[in-house]
């Protein structure tokens, strides 16, 4: 067994880094490419019940320290996504990300992902720029608990819950997810953000608001995982601003059993996984860590 192998509950990973939902995960071919690049798993794009165009352009821009996007959860819908899953699943771990507007819709979508042989399902309760979805329902602990419970009753695969940092009750929401039966907590999604064009005196994005990702959000994500480690007992997956092995190590030592990389796949290419894996393995050997598990939560000791 490799020194880099880990597990998020029942989901075993050869390497601890996964592709975060929303980047290079829209097609079967792109998901296979990420697995071959060294990702331990790929989290699919968040898929809804029906085909969705998303927000109009401009819906994406670079800023100092990261990226701001307001894609609006575009996608082909759950029925058509079956083709992409069929192409990708034989090559490795595919976590199916789903975005619904209520408990019944989430349960239906999760059931479809289970039918498509996803190794787990990730509930998007945290997108900051899709009206009626994500963060709008993911900041109500009672609603979060009811959605997770509904999904748990509908599927047998592990249920992961992705949370938003745009709240002052993150720990309370995580506990609600755990009480609902969540098998893992994923944190964080993007920070609600905005860019204004001075020349036009208007918001740059068509949606006005978007989500900030990239290196600027890493300290927020690390803090969130550290906080969650002290209140929940389920596995944690850290995400937000990871570009190198040091970033990954911070998340693991804060309490994450695995991590996800998103923006760096765009800025650094798929090669980022090999770079992070190699650096992390060297660090572990140099500092006497025999496994990822032995590093998890080290900063709490």
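The values are calculated or read from the model by the stated rules, or taken from the named source; none is laboratory data. Owing to the predicted nature of the structure, the values given are computational and were not obtained by experimental measurement. Note that each Cβ is placed from the backbone with ideal geometry, even for glycine, and that neighbours are counted across all protein chains shown.
Of the residues that make up the stretch 76-95, is at least one under 19 Å from the mean Cα position of the chain (by Cα), under 21 Å from residue 27 (Cα atoms) and modelled with pLDDT under 95? Within the stretch 76-95 (the criterion being under 19 Å from the mean Cα position of the chain (by Cα), under 21 Å from residue 27 (Cα atoms) and modelled with pLDDT under 95), the answer is no, since none of the residues qualifies. Residues that are assigned to a strand (DSSP E or B) and either at pLDDT below 95 or farther than 22 Å from residue 267 by Cβ (or both) within the stretch 223-242 comprise just one, 236.
What do you reckon, is residue 109 touching a strand residue (DSSP E or B) at 6+ places or on another chain (Cβ under 9 Å), under 27 Å from residue 65 (Cα atoms) and either surrounded by 24 or more Cβ atoms within 10 Å (Cβ to Cβ) or modelled with pLDDT under 95 (or both)? Considered against the rule, which asks whether it is touching a strand residue (DSSP E or B) at 6+ places or on another chain (Cβ under 9 Å), under 27 Å from residue 65 (Cα atoms) and either surrounded by 24 or more Cβ atoms within 10 Å (Cβ to Cβ) or modelled with pLDDT under 95 (or both), residue 109 comes out as no. Within the stretch 235-246, the set of residues being in contact with a helix residue (DSSP H, G or I) (Cβ under 7 Å, 6 or more places away or on another chain), more than 12 Å from residue 19 (Cα to Cα) and buried (at least 23 other Cβ atoms within 10 Å of the Cβ) comprises 236, 241. Residue 67 satisfies every condition listed in (1) surrounded by fewer than 20 Cβ atoms within 10 Å (Cβ to Cβ); (2) farther than 26 Å from residue 181 by Cα; (3) modelled with pLDDT of 95 or more except (1). From the list 52, 117, 45, the one residue that fits, being within 30 Å of residue 275 (Cα to Cα) and surrounded by fewer than 22 Cβ atoms within 10 Å (Cβ to Cβ), is 117.
Note on the stretch 254-289: residues that are part of a loop (DSSP other than H, G, I, E, B) and touching a helix residue (DSSP H, G or I) at 6+ places or on another chain (Cβ under 8 Å) total 5.
Only one entry of 100, 111 meets the criterion of being within 18 Å of the chain's Cα centre (by Cα) and either touching a residue at least 40 places away in the same chain (Cβ under 8 Å) or part of a helix (DSSP H, G or I) (or both), and that entry is 100. Here's a check for you: in the stretch 205-222, which residue that is more than 15 Å from the chain's Cα centre (by Cα) and within 23 Å of residue 265 (Cβ to Cβ) is surrounded by the most Cβ atoms within 10 Å (Cβ to Cβ)? The qualifying residue surrounded by the most Cβ atoms within 10 Å (Cβ to Cβ) is 210.
Considering the stretch 290-301, and only residues there that are in contact (Cβ under 8 Å) with a residue 24 or more places away in the chain and assigned to a helix (DSSP H, G or I), the residue that is surrounded by the fewest Cβ atoms within 10 Å (Cβ to Cβ) turns out to be 300.
If you check 90, 141, 58 for being out of contact with any strand residue (DSSP E or B) (no Cβ under 6 Å at 6 or more places or on another chain) and free of Cβ contacts under 8 Å to residues at least 12 places away in the same chain, only one passes: 90.
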